[in-house]
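The block underneath contains the structure these notes are about, expressed in structure tokens.
Read-outs: derived from the displayed coordinates by stated rules, not from any lab. Keep in mind that this is a model prediction, so the values were computed, not measured. We place every Cβ from the backbone using ideal geometry, glycine too, and count neighbours over all the protein chains shown.
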Amino acid sequence: MTSDPAETTNLTQATPPRFRWGRILAWLGLAVLLAMLAMGLVNTQRGPVLVGQDAPDFVLSTFDGQEIDTQDLQGKVIVVNFWASWCKPCEQEAADLEAAWQDYAPGQQVVFLGVDYVDTEPEALGYLQKFNITYPNGPDLRTRISQAYRTSGVPETYFIDRQGKLAYVQIGPFRSLAQIKGIIEPLLAQ
Amino acid sequence: MKMRSILVFFQVMTLLFLSTNLVMAAENTPWQQDSVPRLPTDDEVNAVAKQLYCPVCENIPLDVCPTLACEQWRGLIREKLAAGWDEEQIKTYFVNQYGDRVLATPPARGLNWLVYIIPPLAILAGVYFLYRAFSAWKKPADQLEPEVQAPAAGAADEYAARFEEELRKRQANTFKKGES
């Protein structure tokens, strides 16, 4: 006794495999979501911009109303200092940075830019006045600049060479004026 | 004469109405417009601050954050409130200065929409799958659709007969080995 092959064929034809759009869309949505999560994780794990890489360009809107585009400063050494008025270690290096700026300003080969990170304007202006800081300073609007440089805090200082490459990164405050000059001099000699 | 008294009555009523409105308007004048500006209270400052997060101290709302940076931010909120800014204006100012990430509730635009869409969708999907699972459990066995075609009765008998025959042979062999 065996089953009728014709009957089996009819049964198979009676329930054709359905094309399940809902299931496909659900899996597709899950895949997209996971891809986005992965991209977010990769972004957060990228770490800081590395020495030798192209330094991110940015436009700094200074407290006195200037717009400084780093693309216009190519061929010069750029010193980008991230600071905040609430940051106590920033105060340790403020005078040395200003002294270095005063030394290099006449030569016009070195540009100092202060980027005020997550700060309030009255306190920031008070800080600049307190330490007699005269090089261009401006707020990090929407924290775009610090995000581009993937900073980990303040103070942090990024030295960009004449070719627009990141040449040195100082995490934390400088110990002395000599230390700042010791980083800038080789870059000027290039 | 009658007409005149009616006119006088309406004039008196109008004056009364206007003077009442003036008194009420004076009582309801917002504090910002007082001759002596009132400083916002801590509660008013914190009502705005709790909707903001400082990027320096992540995951701590601004109203309870103890750092100097957050203290400065609260001071700024107080200044803006004293200047007559409302909650939305202050939040917009902070977003323009520090970015969307300072907001406790992300604005519903761009990829932020996912934050609002995914949790309800996940809950709905969960409810649907649970419903499917519970429905399957409740279904009596006789109502379940046969997934595999049952073998014909004759085929089962044939199989059982062969099986019993095989068993008998094995038992006979075992008995013979025991005797020898």
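For the reader, a short list of remarks on this structure follows.
- Vicinal HN-Hα couplings computed from phi for region A:56-64 (Karplus, 6.51 cos²θ - 1.76 cosθ + 1.60; Hz; Gly/Pro x): x, 7, 7, 10, 9, 8, 6, 5, 9
- Over all directions, the projected convex hull of the C-alpha atoms in region A:9-160 averages 14.7 nm² in area.
- Under 20 Å from B:Lys138, Cα to Cα: aspartates and glutamates that are on another chain or at least 8 residues apart: B:Glu147
- Under DSSP loop assignment and at most 12 Cβ neighbours within 10 Å, longest trypsin sites (Lys or Arg not before Pro)-free interval of chain A: A:47-174
- 3J(HN,Hα) couplings calculated from phi for region B:94-111 with the Karplus curve 6.51 cos²θ - 1.76 cosθ + 1.60 (θ = phi - 60°) are, in sequence order, 5, 5, 5, 7, 10, x, 4, 5, 7, 7, 5, 10, x, x, 7, 8, x, 5 Hz; Gly and Pro show x.
- Between A:Tyr168 and A:Phe159, the built amide H atoms are under 5 Å apart, and every one of these is 5 or more places off in sequence or on another chain.
- Antiparallel bridge percentage (DSSP; both residues within region A:59-189; nearest 5): 55 percent
- Along region A:176-183 the Karplus relation, 6.51 cos²θ - 1.76 cosθ + 1.60 evaluated at θ = phi - 60°, assigns HN-Hα couplings of 7, 5, 4, 5, 5, 5, x, 8 Hz to successive residues, with x for each Gly and Pro.
- For A:Val111, the amide hydrogen comes within under 5 Å of the amide hydrogens of A:Val77, A:Ile78, A:Val79, counting only partners 5 or more places away or on other chains and with H modelled in the peptide plane.
- Of B:Lys50/B:Lys80; A:Lys130/B:Lys80; A:Lys76/A:Lys165; A:Lys130/B:Lys91; A:Lys130/B:Lys50, pairs whose Cα-Cα distance is over 22 Å: A:Lys130/B:Lys80; A:Lys130/B:Lys91; A:Lys130/B:Lys50
- Compactness of region A:76-190, expressed as Rg and Dmax over alpha-carbon positions, Å: 13.2, 40
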